[in-house]
Structures are given as C-alpha cells and as structure tokens.
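The values are calculated or read from the model by the stated rules, or taken from the named source; none is laboratory data. These numbers come from a predicted model, not from an experiment. Note: ideal-geometry Cβ built from the backbone for every residue, glycine included; neighbour counts use all protein chains shown.
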Amino acid sequence: MDYRDNILSNLKAGWKTELEQSYSIQEASQLLNRLIQHFVGISRVDQSLHPGYRLSESELIRLNNAVKRLLNEEPLQYITGVTDFYGLNLRVNPSVLIPRPETEELVDLILHEKNKKQINILDIGTGSGCIALALKKNLPESKVVAIDISKAALSLAQSNAIENHLNVQFYPCDILNYSDCPPLHENFDIIVSNPPYVTQTDKKLMKKNVLGFEPHLALFVDDHDPLLFYRHIADFARLRLKKQGKLYVEINENYGAETVRLFGYHGLTKISMHTDIEGKNRFISAVKEDI
Ligand code: GLN
C-alpha cells in the first residue's frame, strides 16, 4: 500500500480494496467511513469536501491497525469500543455482548406498555448495562437495579451509567444462586432479562465475528439444558415480582413453545409471545397475578 503523503482519499481506496476481500462493497465502504469518523473525527461528507486531507502519523497507524482487525473479522464495535443502543452511546469491550437491535425491540416493548412512573425494575445479566440504562433513561422516576455474574461487565456497565448520567445500581449476583444476593431480596414491578440462550448446536452455525470475539459466558447454554436460565428466572420472578408485576425475556427462537410452557409451570400468567422485526419468536412477557 502506498502511504506517501498520507492523503486520506488515496489510503481509503487501498483499504477499501483490502476490506472487499472479506466484506461486500457496500459494507466495506460503510465500515471504513465509520472507522474514519471514529479515529479521525471526519464524516463521509467532510471527506468528500476535503479530498486532499492528510492523516497524521498516529491517525494512519490507528486506521491501519483497525483495518487489520476488521480483516480478522473482529466486530467494528470492539475496535472502536463504542456502540449506540436506544439513543444511548455505550462503551463495549469483549467482556460484554455487543447490544443487538433485537434487544432494542425488547426495551421498546416494555416502554410501550403503560407503566406506572415510580416502579422497581430489575435487569438480570445486564452486560454493558444496555437494557437497564435505556429503561432508566426513559422511565427516569423508576428505580433500576441490574445484576451480572461478570465483574468486568459490571465495571463497564457502571462507567456507561456515569457517562450517560443515569443512576442504575449494579450488583455482582448470580441468578442461579440468588438467595446469596441481598439486592435480590426486594420485590420488583418489572423483571427483564436477555440471558445466555445459544445452544451448542446453534454455535456450529455462528460466524467468527461472534464466536471468536464475544463472551461465551453471555452467549452459550448446554444443549441438555437450554432453558437453564429461564427456569431460574421464572422461579425468581414468581418469588419477587409484585402482584401484577411483569417479566420480559429475550429468547432463542427455537425454544418459544417450551419457554412459554415453562413459565406456565412456574405459575406465571398472561404469557405472551412477541416476534422481532424479522418475524421470529424473540420475546416473552408474563404476569404474576397472585400475591
Ligand atoms: N442474540 C444473540 C446472538 O445471536 C444472543 C444473545 C443471547 O445469548 N442472549 O448472538
């Protein structure tokens, strides 16, 4: 590659050709524009307005390195360290899943149901804090508590809360052993979770960008017990939801009917399946009707 003069438009053409070995023409161009925006701070429009723009040595090194990481199929969000979720700017790193658009739909589902203002909300397995923070932002009078088993995830979620000026309380708790965790001894109006639900069978179909970089702790469950987390969450919800409180979960599209049945066994009612934007069974909500 020709680095002479460090002229961005020339370098960009070279990087684009490299990226087109692994990505479609459109993806390669979008990824490159996002990298340039992130590392150099100039938008696509500004790039075309200043075709002779020269990169500094450090910008050149950073972009070159970022292109190499993309060629190794690392997700863009881990390279830039940031992502957008429901209008929030969040930091991400490999200790948390990159928040998915489906999970924004889950937040939307909760916010579109008529909720009282001052409610207690619990997010189980918060990761980057995305669900908890988006709910707190949109229901500012609510009290939001979020747990995760991963201390690294909690420290990232905490910095996301600080940077977005949102007051969410994060605790290191394991939902599989919730009796050990005092923050879980209170009652909640809403419990939400996007727990690990990808089976070893599904894993075979996953690409390197997920498998090689995202935290397996947050993704995978055993084929022999794919509903492990849902069983514990339903059990906990039965104990700790207030009367008429509601549980919302993201699910594996292949286990919709089983998860609905499981919630029924655990005494939850008004169990509804919701589809995502692709029409797949992706969320379940359920109510606790008795005391
Ligand atoms: N939807 C995510 C994926 O496809 C998985 C999220 C999860 O396991 N909770 O990678």
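What the table below lists for this structure:
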item	result
Total residues in the stretch 186-200, condition away from the ligand (no atom under 13 Å from the Cβ) and of a type in the set (A, V, I, L, M)	2
Answer residue from the stretch 223-238, given it is in a loop (DSSP other than H, G, I, E, B) and within 13 Å of the ligand (Cβ to nearest atom) and is nearest to residue 285 (Cα to Cα) among those	227
Pair list, Cβ under 8 Å, 6 or more apart: the stretch 63-87 residue in contact (Cβ under 8 Å) with a residue 40 or more places away in the chain, other residue among the charged types (D, E, K, R) and not in a helix (DSSP H, G or I)	73/207; 75/214; 82/91
Single match in 97, 35 (criterion: at pLDDT 95 or above and either assigned to a loop (DSSP other than H, G, I, E, B) or in contact with a Gly (Cβ under 6 Å, 6 or more places away or on another chain) (or both))	97
Cβ pairs under 9 Å, 6+ apart, first in the stretch 5-20 and hydroxyl-bearing (Ser, Thr, Tyr), second assigned to a helix (DSSP H, G or I)	9/47; 9/48; 17/28
Within the stretch 135-166, considering residues that are within 16 Å of the ligand (Cβ to nearest atom) and touching a residue at least 40 places away in the same chain (Cβ under 8 Å), the one farthest from residue 217 (Cα to Cα)	157
When residues of the stretch 245-282 are limited to those that are in a strand (DSSP E or B), touching a Lys or Arg at 6+ places or on another chain (Cβ under 7 Å) and free of Cβ contacts under 8 Å to residues at least 60 places away in the same chain, the one nearest to residue 196 (Cα to Cα)	275
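A quick yes/no check of all residues on (1) of a type in the set (Lys, Arg); (2) touching a Lys or Arg at 6+ places or on another chain (Cβ under 7 Å); (3) within 15 Å of the ligand (Cβ to nearest atom); (4) part of a helix (DSSP H, G or I):
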{"residue": "93", "(1), (2), (3), (4)": "no, no, no, no"}
{"residue": "107", "(1), (2), (3), (4)": "no, no, yes, yes"}
{"residue": "110", "(1), (2), (3), (4)": "no, no, no, yes"}
{"residue": "118", "(1), (2), (3), (4)": "no, no, no, no"}
{"residue": "123", "(1), (2), (3), (4)": "no, no, yes, no"}
{"residue": "126", "(1), (2), (3), (4)": "no, no, yes, no"}
{"residue": "131", "(1), (2), (3), (4)": "no, no, yes, yes"}
